[in-house]
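Input: a single structure, listed below in structure tokens.
The values are calculated or read from the model by the stated rules, or taken from the named source; none is laboratory data. Here the structure is a predicted model, which is why all the values come from computation and not from measurement. Every residue, glycine among them, receives a Cβ derived from its backbone with ideal geometry; neighbour counts consider all protein chains shown. Accessible surface is based on the protein model in full, side chains and every heavy atom, while ligands, DNA and RNA are left aside. Shrake-Rupley method; radii C 1.70, N 1.55, O 1.52, S 1.80 Å.
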Amino acid sequence: ARNRGDLSRLLDAQVPESWPPPLNDDHSMAFALNYIEQNPGAEGWGFWYFVLRDGPAGERIAIGNGGFKGKLSADGTVEIGYSFMEKYQRKGYGAEAARGLIAWAFEHPEIRRVIAETLPELTPSIRVLEKNGFVNIGQGSEPAVIRFELRRDAYERR
């Protein structure tokens, strides 16, 4: 959706005036749209919206977005990402959303591990990963980015 009104209608939820969540820009939105257009039948492996079903007045509210950066790689790896409106950060929603994405990924037997990348100063994001059993495995795909992973065997032991 190109505007908040359309997005609100499509999600059947209020969309905050300050939408989108942090770190979402024209580049990330173009990436998500391009992925959908170029990968018909890849539902679930792209962009997700996170909606609070019971806001303060019982309303549905869009609080974040995220999902997967595409289908699995040849070695059975998928990458997740997520972002939440500042008002809804540090309330457990990020950990819950990541937990849902991880569970959905590991429902597919071909998935061997889930990875995520973040900046070292984004302590809340790192905490979301740690709460879900991820471990830091070092340098990410870009300078100043760190990568975390959760392997299937570790997930199944949890």
Completion exercise
Going through the stretch 39-80 in order, the residues found to be open to solvent by 20 Å² or more (accessible area, probe 1.4 Å) and assigned to a strand (DSSP E or B) are F47, W48, Y49, F50, V51, L52, E79
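In the stretch 115-128, is there at least one residue being touching a Phe, Trp or Tyr at 6+ places or on another chain (Cβ under 6 Å), assigned to a helix (DSSP H, G or I) and within 24 Å of F50 (Cα to Cα)?
no
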Exercise for the section: State which residue pairs qualify: first residue outside any helix (DSSP H, G or I) and inside the stretch 82-104, second residue surrounded by fewer than 21 Cβ atoms within 10 Å (Cβ to Cβ) and polar (S, T, N, Q) in any location, beta carbons under 8 Å apart, and separation of 6 or more residues or different chains. Expected result: S83/N24; M85/S18
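Step by step: first the residues of the stretch 1-34, then only those that are part of a helix (DSSP H, G or I) and under 20 Å from R53 (Cβ atoms), then the one that is modelled with the lowest pLDDT. Which residue is that? If you could, list the steps in order and put the result at the bottom.
In the first step, residues of the stretch 1-34 are kept if they are part of a helix (DSSP H, G or I); the result is 4-11, 26-34.
Cutting the leftovers down to under 20 Å from R53 (Cβ atoms) gives us 4, 7-11.
Values: R4: 88, L7: 91, S8: 95, R9: 95, L10: 93, L11: 95.
Among them, the one singled out is R4.
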Practice task
Please find, within the stretch 110-158, the residue that is surrounded by the fewest Cβ atoms within 10 Å (Cβ to Cβ) out of those that are touching a strand residue (DSSP E or B) at 6+ places or on another chain (Cβ under 6 Å) and aromatic (F, W, Y).
Solution key: F148
Problem - Answer residue from the stretch 128-148, given it is in contact with a helix residue (DSSP H, G or I) (Cβ under 9 Å, 6 or more places away or on another chain) and in contact (Cβ under 8 Å) with a residue 24 or more places away in the chain and is farthest from P21 (Cα to Cα) among those - result: G133
Exercise for the section: Examine the stretch 90-109 for a residue that is open to solvent by 70 Å² or more (accessible area, probe 1.4 Å) and either under 15 Å from the mean Cα position of the chain (by Cα) or of a type in the set (A, V, I, L, M) (or both), and state whether such a residue exists. Expected result: yes
Exercise for the section: Would you check if there is a residue in the stretch 1-24 being open to solvent by 60 Å² or more (accessible area, probe 1.4 Å), closer than 28 Å to R147 by Cα and not hydrophobic (A, V, I, L, M, F, W, C)? Expected result: no
